[in-house]
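> Sharing a structure, written as structure tokens. Questions coming.
Values quoted throughout were computed directly from the atomic coordinates according to the rules given, and no laboratory measurement underlies them. Because the structure is a prediction, the values reported are computed rather than measured. Neighbour counts run over all protein chains shown; Cβ positions are idealised from the backbone, glycine included.
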Amino acid sequence: MNTVKHLNDSNLQPSPKKRSPFWNNPTLAAVFLASLLATYLDLFFVGKHLYQFPKRPLPTIFSINIAFTLVVLPVLVFVFLWVMDQVNKWGKAGLIVFISLLVPIMEKLAEVMGLFKHSESWEHLYSFFGYLLFLSTIYVFYCWIGNRKG
């Protein structure tokens with residue numbers, strides 16, 4: 001990498017260092033983090049045989065449903081962050097709890113559709129608390145990266 005040094009006798013001001021546009025957009029950064037976390041969590045839980053994805057894109061290559069972690073989840077997180085910006089403090093807490101309660105229901109529906117399968121030892125309460133922590137973490141990161149008050 002080449003570095004250009006400012007000449008002492010030059011009248012030009014050195015240009016300030018610019019942050020990457022990626023980190024200037026808190027929503028994009030939070031969506032990226034959510035996708036990354038979800039991918040690694042799915043890899044971990046699938047590797048521990050706690051759940052599996054019977055129907056998934058490229059099953060010979062990926063053991064997880066990459067369509068969910070790379071397309072569906074980022075879109076849902078984007079909508080989640082947008083809604084979080086629209087509500088007050090109690091609305092934020094209520095939204096996180098509501099979505100976390102909705103996840104086990106959606107998991108059951110995905111199981112009926114053959115998209116998802118849990119091991120016998122899995123409790124859907126794990127999903128509730130997992131998404132409660134996941135969504136809270138994503139929102140705290142979003143506020144932190146955007147210098148916002150949550």
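> Charges at C-beta only: +1 for Lys and Arg, -1 for Asp and Glu. How large is the resulting dipole of the range 21-145 about its Cα centre, in Debye rounded to 20? Before the final figure, lay out each step's value.
On the way: 7 positive and 6 negative charges, 17 e Å.
In total the dipole reaches around 80 debye.
> Then there's this: For the range 134-145, just list the computed ³J(HN,Hα) in residue order, Karplus coefficients 6.51, -1.76 and 1.60, θ = phi - 60°, integers in Hz, with x standing in for Gly and Pro.
Calculated HN-Hα couplings, in order: 4, 5, 5, 4, 4, 5, 4, 4, 4, 5, 5, 5 Hz.
> Sticking with this one: Grab the beta carbon distance between residue 93 and residue 40, set R0 = 35 Å, and tell me the FRET efficiency rounded to 0.05.
Computed FRET efficiency for residue 93 and residue 40 comes out at 0.85.
> Sticking with this structure for a sec: Would you work out the relative contact order for the range 63-150, in percent, from Cα pairs under 8 angstrom that are 6 or more residues apart?
The value is 27 percent.
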